[in-house]
1. Which length gain, in nm to one decimal place, applies between L103 and E45 when the Cα-Cα distance is subtracted from 0.36 nm times their residue separation?
2. Full extension from V26 to K80: what is 0.36 nm times the residue separation minus their Cα-Cα distance, to one decimal in nm?
3. Please list the non-local residues whose amide H lies under 5 Å from the amide H of V203, H modeled 1.01 Å from N, same-chain partners needing a gap of 5 or more.
4. Report the extension gain between T122 and F170 in nm, rounded to one decimal, defined as 0.36 nm multiplied by the number of residues separating them, less their alpha carbon distance.
5. So with the 1.4 Å probe, I'd like the accessible area per residue for segment 1-159, rounded to whole Å².
6. So what is the calculated 222 nm ellipticity per residue for the chain, using -39500 (n - 2.57) for each DSSP H run with n of 4 or more, over all residues, to the nearest 500 deg cm²/dmol?
7. Which aspartates and glutamates have a Cα less than 15 Å from the Cα of K111, not counting those fewer than 8 places away in the same chain?
8. Give me the percent relative contact order of the chain, please, defined on Cα pairs under 8 angstrom at least 6 residues apart.
Amino acid sequence: MSDQWLEWAKRIQALSQSGLAFSKDVYDIERYEELRSISAEIMQEYTGLEMRKVRELFTNESGYQTPKVDVRGVVFKDNKILMVREKVDDKWSLPGGFCDVGLSPSENIVKEIREESGFDVTPVKLLAILDMNKHPHPPQPYHYYKLFIQCEVTGGRAESGIETKGIHFFEKDHLPELSVGRNTETQINLLFEFLRNPYKETVYD
(Lines give C-alpha, C1' and ligand atoms only; values in the text may rest on other atoms or scores of the structure.)
Protein backbone atom coordinates (compact mmCIF):
# COMPACT_ATOMS: atom_id res chain seq x y z
CA MET A 1 0.00 0.00 0.00
CA SER A 2 1.17 3.52 -0.80
CA ASP A 3 0.58 4.65 2.77
CA GLN A 4 2.20 1.65 4.43
CA TRP A 5 4.97 3.90 5.76
CA LEU A 6 2.35 5.78 7.77
CA GLU A 7 1.02 2.57 9.32
CA TRP A 8 4.54 1.53 10.27
CA ALA A 9 5.26 4.92 11.82
CA LYS A 10 2.02 4.85 13.83
CA ARG A 11 2.66 1.32 15.07
CA ILE A 12 6.22 2.17 16.12
CA GLN A 13 4.96 5.29 17.88
CA ALA A 14 2.19 3.40 19.69
CA LEU A 15 4.57 0.65 20.85
CA SER A 16 7.14 3.16 22.04
CA GLN A 17 4.54 5.23 23.90
CA SER A 18 3.17 2.15 25.65
CA GLY A 19 6.69 1.03 26.53
CA LEU A 20 7.51 4.41 28.02
CA ALA A 21 4.30 4.29 30.05
CA PHE A 22 5.01 0.95 31.70
CA SER A 23 8.75 0.33 31.59
CA LYS A 24 10.87 0.94 34.72
CA ASP A 25 14.23 -0.17 33.35
CA VAL A 26 16.39 2.77 32.35
CA TYR A 27 17.84 0.94 29.34
CA ASP A 28 14.42 -0.09 28.07
CA ILE A 29 13.23 3.51 28.45
CA GLU A 30 16.19 4.64 26.37
CA ARG A 31 15.30 2.12 23.64
CA TYR A 32 11.65 3.17 23.58
CA GLU A 33 12.64 6.82 23.32
CA GLU A 34 14.82 5.92 20.33
CA LEU A 35 11.91 4.08 18.71
CA ARG A 36 9.70 7.13 19.25
CA SER A 37 12.34 9.31 17.58
CA ILE A 38 12.49 6.90 14.63
CA SER A 39 8.72 7.11 14.18
CA ALA A 40 8.96 10.91 14.16
CA GLU A 41 11.79 10.79 11.60
CA ILE A 42 9.67 8.59 9.31
CA MET A 43 6.79 11.07 9.52
CA GLN A 44 9.09 14.01 8.86
CA GLU A 45 10.76 12.31 5.89
CA TYR A 46 7.54 11.37 4.10
CA THR A 47 5.36 14.39 4.94
CA GLY A 48 7.86 17.24 4.79
CA LEU A 49 6.53 18.62 8.09
CA GLU A 50 8.91 20.42 10.41
CA MET A 51 10.33 18.04 13.00
CA ARG A 52 8.95 20.29 15.73
CA LYS A 53 5.40 19.76 14.47
CA VAL A 54 5.95 16.04 14.08
CA ARG A 55 7.20 15.77 17.65
CA GLU A 56 4.12 17.68 18.82
CA LEU A 57 2.01 15.03 17.09
CA PHE A 58 3.99 11.96 18.04
CA THR A 59 5.93 12.58 21.23
CA ASN A 60 3.87 14.86 23.47
CA GLU A 61 1.39 12.18 24.56
CA SER A 62 1.95 9.70 27.34
CA GLY A 63 0.33 6.55 28.64
CA TYR A 64 -0.98 3.53 26.77
CA GLN A 65 -2.09 4.70 23.33
CA THR A 66 -5.67 4.06 22.24
CA PRO A 67 -7.71 5.29 19.26
CA LYS A 68 -9.02 8.84 19.45
CA VAL A 69 -12.76 9.47 19.24
CA ASP A 70 -14.43 11.78 16.71
CA VAL A 71 -18.18 12.49 16.93
CA ARG A 72 -20.32 13.65 13.99
CA GLY A 73 -23.89 14.89 14.20
CA VAL A 74 -26.50 13.60 11.75
CA VAL A 75 -29.46 15.97 11.44
CA PHE A 76 -32.13 15.40 8.79
CA LYS A 77 -34.70 17.94 7.62
CA ASP A 78 -37.02 17.60 4.60
CA ASN A 79 -35.00 14.60 3.35
CA LYS A 80 -31.78 16.61 3.53
CA ILE A 81 -28.76 16.39 5.83
CA LEU A 82 -27.17 19.23 7.80
CA MET A 83 -23.60 20.14 6.89
CA VAL A 84 -21.25 22.97 7.83
CA ARG A 85 -18.51 24.59 5.78
CA GLU A 86 -15.11 24.29 7.43
CA LYS A 87 -12.92 27.39 7.49
CA VAL A 88 -9.75 25.31 7.51
CA ASP A 89 -10.27 23.83 4.01
CA ASP A 90 -13.39 25.60 2.68
CA LYS A 91 -15.16 22.24 2.32
CA TRP A 92 -18.22 20.67 3.93
CA SER A 93 -18.67 18.19 6.74
CA LEU A 94 -21.15 16.96 9.28
CA PRO A 95 -20.86 19.12 12.41
CA GLY A 96 -18.64 17.54 15.03
CA GLY A 97 -15.10 17.01 16.20
CA PHE A 98 -12.90 15.28 18.75
CA CYS A 99 -14.54 14.30 22.03
CA ASP A 100 -13.62 16.52 24.96
CA VAL A 101 -12.57 14.89 28.22
CA GLY A 102 -15.32 15.07 30.83
CA LEU A 103 -18.19 14.97 28.34
CA SER A 104 -20.07 11.91 27.09
CA PRO A 105 -20.41 11.31 23.32
CA SER A 106 -23.96 12.69 23.33
CA GLU A 107 -22.92 15.74 25.36
CA ASN A 108 -20.04 16.30 22.96
CA ILE A 109 -22.23 16.23 19.86
CA VAL A 110 -24.78 18.60 21.38
CA LYS A 111 -21.93 21.00 22.11
CA GLU A 112 -20.34 20.63 18.65
CA ILE A 113 -23.59 21.13 16.73
CA ARG A 114 -24.46 24.22 18.76
CA GLU A 115 -20.98 25.72 18.29
CA GLU A 116 -20.69 24.94 14.58
CA SER A 117 -24.25 25.42 13.29
CA GLY A 118 -26.16 27.38 15.93
CA PHE A 119 -28.82 24.69 16.40
CA ASP A 120 -29.85 23.17 19.71
CA VAL A 121 -30.36 19.41 19.37
CA THR A 122 -31.30 16.27 21.23
CA PRO A 123 -29.39 13.04 20.41
CA VAL A 124 -31.76 10.20 19.50
CA LYS A 125 -29.73 7.31 18.04
CA LEU A 126 -26.19 6.06 17.48
CA LEU A 127 -26.13 5.27 13.75
CA ALA A 128 -22.56 4.11 13.19
CA ILE A 129 -19.16 3.53 14.79
CA LEU A 130 -16.59 3.51 12.01
CA ASP A 131 -12.87 2.82 12.04
CA MET A 132 -11.21 5.57 10.01
CA ASN A 133 -8.61 3.10 8.72
CA LYS A 134 -11.33 1.09 6.97
CA HIS A 135 -12.63 4.06 4.96
CA PRO A 136 -11.11 6.19 2.18
CA HIS A 137 -9.95 9.09 4.31
CA PRO A 138 -6.61 10.81 3.65
CA PRO A 139 -3.66 9.51 5.72
CA GLN A 140 -3.83 10.61 9.36
CA PRO A 141 -1.15 10.56 12.08
CA TYR A 142 -3.48 8.93 14.60
CA HIS A 143 -5.98 6.09 14.65
CA TYR A 144 -9.57 7.36 14.98
CA TYR A 145 -12.98 5.90 15.70
CA LYS A 146 -15.84 7.97 14.30
CA LEU A 147 -19.23 8.03 16.04
CA PHE A 148 -22.20 9.20 13.97
CA ILE A 149 -25.09 10.27 16.21
CA GLN A 150 -28.51 11.20 14.86
CA CYS A 151 -30.00 14.29 16.47
CA GLU A 152 -33.24 16.26 16.29
CA VAL A 153 -33.33 20.05 16.26
CA THR A 154 -35.07 21.50 19.33
CA GLY A 155 -34.19 25.16 18.94
CA GLY A 156 -31.62 27.74 17.93
CA ARG A 157 -31.03 29.08 14.43
CA ALA A 158 -28.46 28.64 11.67
CA GLU A 159 -25.35 30.53 12.70
CA SER A 160 -21.70 29.94 11.81
CA GLY A 161 -19.18 29.36 14.56
CA ILE A 162 -15.48 30.00 15.11
CA GLU A 163 -14.46 27.07 12.88
CA THR A 164 -17.28 27.24 10.30
CA LYS A 165 -18.35 29.67 7.58
CA GLY A 166 -21.63 28.25 6.32
CA ILE A 167 -24.59 26.05 7.26
CA HIS A 168 -26.82 24.23 4.79
CA PHE A 169 -29.04 21.15 4.35
CA PHE A 170 -28.12 19.02 1.32
CA GLU A 171 -29.94 16.34 -0.64
CA LYS A 172 -28.28 12.94 -1.01
CA ASP A 173 -27.72 13.39 -4.75
CA HIS A 174 -26.53 16.99 -4.50
CA LEU A 175 -23.74 16.89 -1.94
CA PRO A 176 -21.13 19.68 -1.88
CA GLU A 177 -17.36 19.21 -1.99
CA LEU A 178 -16.69 17.21 1.14
CA SER A 179 -13.94 17.62 3.72
CA VAL A 180 -12.90 13.99 3.31
CA GLY A 181 -10.67 14.01 6.35
CA ARG A 182 -13.88 14.36 8.34
CA ASN A 183 -16.45 12.46 6.27
CA THR A 184 -16.65 10.67 2.93
CA GLU A 185 -19.39 10.37 0.34
CA THR A 186 -19.89 6.68 1.09
CA GLN A 187 -20.39 7.51 4.76
CA ILE A 188 -22.97 10.21 3.95
CA ASN A 189 -24.80 7.77 1.66
CA LEU A 190 -24.77 5.21 4.47
CA LEU A 191 -26.37 7.72 6.82
CA PHE A 192 -29.18 8.43 4.35
CA GLU A 193 -30.08 4.73 4.61
CA PHE A 194 -31.23 5.46 8.17
CA LEU A 195 -33.52 8.19 6.84
CA ARG A 196 -35.19 5.65 4.54
CA ASN A 197 -35.23 2.96 7.22
CA PRO A 198 -35.38 4.32 10.80
CA TYR A 199 -35.21 0.75 12.14
CA LYS A 200 -31.85 0.01 10.50
CA GLU A 201 -29.40 -1.39 13.04
CA THR A 202 -26.28 0.49 14.07
CA VAL A 203 -23.36 -0.05 11.69
CA TYR A 204 -19.84 -0.67 12.99
CA ASP A 205 -16.33 -0.81 11.51
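The values are calculated or read from the model by the stated rules, or taken from the named source; none is laboratory data. Model, not experiment: these values are computed from the prediction. Positions of Cβ are backbone-derived with ideal geometry, glycine not excepted, and every protein chain shown enters the neighbour counts. When the accessible area is computed, the model is the full protein with side chains, heavy atoms only, and any ligands, DNA or RNA have been set aside. Shrake-Rupley method; radii C 1.70, N 1.55, O 1.52, S 1.80 Å.
1. Values: separation 58, 0.36 × 58 = 20.88 nm, distance 3.67 nm.
That works out to 17.2 nm of additional length.
2. Details: separation 54, 0.36 × 54 = 19.44 nm, distance 5.78 nm.
Length difference between fully extended and current span is 13.7 nm.
3. Under 5 Å from the amide H of V203: A128, I129.
4. Details: separation 48, 0.36 × 48 = 17.28 nm, distance 2.03 nm.
So the extension gain works out to 15.2 nm.
5. Numbers: 8820 Å² over 159 residues.
Averaged over the residues of segment 1-159, the accessible area is 55 Å².
6. Working: 5 runs with 74 residues, N = 205.
Using -39500 (n - 2.57) per qualifying helix, the result is -12000 deg cm²/dmol.
7. D70, D100, D120, E152, E159, E163
8. Values: 361 pairs, mean separation 44.5, N = 205.
Relative contact order here is 22 percent.
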